[in-house]
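Trainee: Supplied in structure tokens, the structure appears directly below.
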Amino acid sequence: MKKAKPVFLLAGGNWQTPNALLPVLEEILAETGMKNPQVAYVGAANNDNPSFFIFAKRLFAEAGAAEVLPIFLAQKRPDIKTAHTIFSRVQAVFFSGGDVDEGMYWLSRHNLISCLQGLYAKGTLFFGLSAGSIMLGTRWVRWKNPHDDASAELFDCLNIAPVICDTHAEKDHWQELKEAVMLAGDGSTGYGIPTGGLLRVEQGGALHTQFKSAVCYLNQSGRVIKGKSITPL
């Protein structure tokens, strides 16, 4: 069995130009160990938005991807057989931005979570952007009633990166992240990846950042406090 790769969690926005992402994507794709890897694109979080797929496909190709293969899941009867075929042949899987709850709904509905976890264990590289990064973590928070703070609850994500994380929510002072850490219980930890930042999660759980520091929040006996930030090397 191949050694599991690092997981790369990107926070979108605030890049000077789309091409500013190219060196980052080149570095990520190089972790596959192949010069021109094949990448599966999962856009369920943004309802398989075609414009974003075209944008991502161009960037990944410029970063060295041989193929960028879309897997469209935001529908009642997608071609799951083809999805499994694509997953089995690619060296990297990317999760787009959008809505975390929506993205996990489609993955769960089509019974793909255990498949994706198995791919990671076998050595496939995983990376995400914004909501896609959160989906790669352990759990996230939603409100059953948006007008009732007491209706907040956690739901499971892919658990490929063993972290609770949020992305580019610094203007909101990481309120959703703090709520997730509160609900996760005493001793839990969450990380906020600021706009334009990147959190690299090693197989054993070690964390490294690039470009910007990631904030940390801890649950100590039911009280969420700020921990030590993870600073770029």
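The values are calculated or read from the model by the stated rules, or taken from the named source; none is laboratory data. Keep in mind it's a predicted model, so treat the numbers as computed, not measured. Cβ sites come from the backbone with ideal geometry, for glycine too, and all protein chains shown count toward neighbours.
Trainee: Could you tell me how many of the residues in segment 138-181 are under 27 Å from A121 (Cα atoms), in contact with a Leu (Cβ under 8 Å, 6 or more places away or on another chain) and charged (D, E, K, R)?
Mentor: Total satisfying the criteria: 2.
Trainee: List pairs: first in segment 48-68 and at pLDDT 95 or above, second among the charged types (D, E, K, R), Cβ under 7 Å, 6+ apart or cross-chain?
Mentor: A63/E26; G64/E26; G64/K35; V68/K57
Trainee: Scan segment 108-125 and give yes if some residue there is touching a strand residue (DSSP E or B) at 6+ places or on another chain (Cβ under 7 Å), modelled with pLDDT of 95 or more, crowded, with 20+ Cβ neighbours inside 10 Å and not in a helix (DSSP H, G or I), otherwise no.
Mentor: Yes, that holds for at least one residue.
Trainee: Count, please, the residues in segment 197-233 that happen to be of a type in the set (G, A, S), part of a loop (DSSP other than H, G, I, E, B) and in contact with a strand residue (DSSP E or B) (Cβ under 9 Å, 6 or more places away or on another chain).
Mentor: Count: 5.
Trainee: Okay, moving on. So, in segment 30-50, of the ones that are in a helix (DSSP H, G or I) and buried (at least 24 other Cβ atoms within 10 Å of the Cβ), which residue ends up nearest to the chain's Cα centre (by Cα)? Please lay out each step first, then the result.
Mentor: From segment 30-50, those in a helix (DSSP H, G or I) are 30, 44-46, 50; that's our starting set.
Subsequent filtering for residues that are buried (at least 24 other Cβ atoms within 10 Å of the Cβ) retains 44-45.
On the way: A44: 12, A45: 11 Å.
Among those that are in a helix (DSSP H, G or I) and buried (at least 24 other Cβ atoms within 10 Å of the Cβ), it is A45.
Trainee: A further question on this structure: Tell me which residues, restricted to segment 167-188, are within 17 Å of the chain's Cα centre (by Cα) and hydroxyl-bearing (S, T, Y).
Mentor: T167
Trainee: Okay, next question. Pull out all pairs, ordered by first then second residue, where Cβ-Cβ is under 6 Å, the residues are six or more apart or on different chains, the first lies in segment 14-42 and is farther than 21 Å from E202 by Cα, and the second is at pLDDT 95 or above and hydroxyl-bearing (S, T, Y).
Mentor: none
A quick yes/no check of all residues on (1) touching a Lys or Arg at 6+ places or on another chain (Cβ under 9 Å); (2) under 20 Å from E31 (Cα atoms); (3) of a type in the set (S, T, Y):
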residue: T124; (1), (2), (3): yes, yes, yes
residue: D172; (1), (2), (3): no, no, no
residue: E179; (1), (2), (3): no, no, no
residue: G185; (1), (2), (3): no, no, no
residue: S188; (1), (2), (3): no, no, yes
residue: P194; (1), (2), (3): yes, no, no
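Trainee: For residues that are over 16 Å from E170 (Cα atoms) and in contact (Cβ under 8 Å) with a residue 24 or more places away in the chain, tally how many sit in segment 210-231.
Mentor: The total comes to 7.
Trainee: What are the residue pairs meeting all of these: first residue in segment 174-188, first residue at negative phi, second residue of a type in the set (V, I, T) and surrounded by fewer than 18 Cβ atoms within 10 Å (Cβ to Cβ), Cβ atoms under 8 Å, and 6 or more apart or on different chains?
Mentor: V181/T189
Trainee: Could you figure out which of (1) farther than 26 Å from K171 by Cα; (2) touching a helix residue (DSSP H, G or I) at 6+ places or on another chain (Cβ under 7 Å); (3) not in a helix (DSSP H, G or I) isn't true of K5?
Mentor: So the condition that K5 fails would be (2).
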